[in-house]
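Taking it in order: structure first as structure tokens, then the write-up.
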Amino acid sequence: MLPTLNIAGDWVLIERISWRNRRLALGDIVICTSPVNPSRLICKRVLGLPGDIVCTDPRMISPKWIKVPEGCVWLQGDNFQNSKDSREFGPVPMGLIRGHVFFRFWPWYMYPMPGLEFATQQELDDLGVNLTH
């Protein structure tokens, strides 16, 4: 999912239960069991829902279009040039989806939360806070 998620250390929160009670939306990021290697989990973006017509690979001179079957989604990685996704293995059964990524919380310094402010060293000193031990 580069560049959106970093393979070497981004931590995300995944909703494993309640997403099943709502419909997935285009653009959602999901974690699912790999259709080609069931021992691996993959992280991809939903680009096609049941009934949608999707282009299997827009890089092709004569691209092929398919209709996403009921009970399946079309998943693609954000690293378009280097992603193994539905362009390679086709529509993914919804039963393989393990959860919906709804929040990235690490590294926190790269993705500040609204309203979160960091204290300066002077402010910490004024409060008598010592973070060195």
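The values are calculated or read from the model by the stated rules, or taken from the named source; none is laboratory data. Worth saying up front: this structure is predicted, and the values here are computed from it rather than measured. For neighbour counting, all protein chains shown are included, and Cβ atoms are generated from backbone atoms with ideal geometry for every residue, glycine included.
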* Structure fact -> Filtering region 70-114 down to residues that are at pLDDT 90 or above and of a type in the set (A, V, I, L, M, F, W, C) yields Cys72, Val73, Trp74, Leu75, Phe89, Val92, Met94, Leu96, Ile97
* To do: Would you please name the residue that is nearest to the chain's Cα centre (by Cα), looking only at residues in region 40-74 that are aliphatic (A, V, I, L, M) and loosely packed, with under 11 Cβ neighbours inside 10 Å?
  => Ile53
* When you scan region 33-75, how many residues do you find that are touching a residue at least 40 places away in the same chain (Cβ under 8 Å) and among the charged types (D, E, K, R)? -> 2
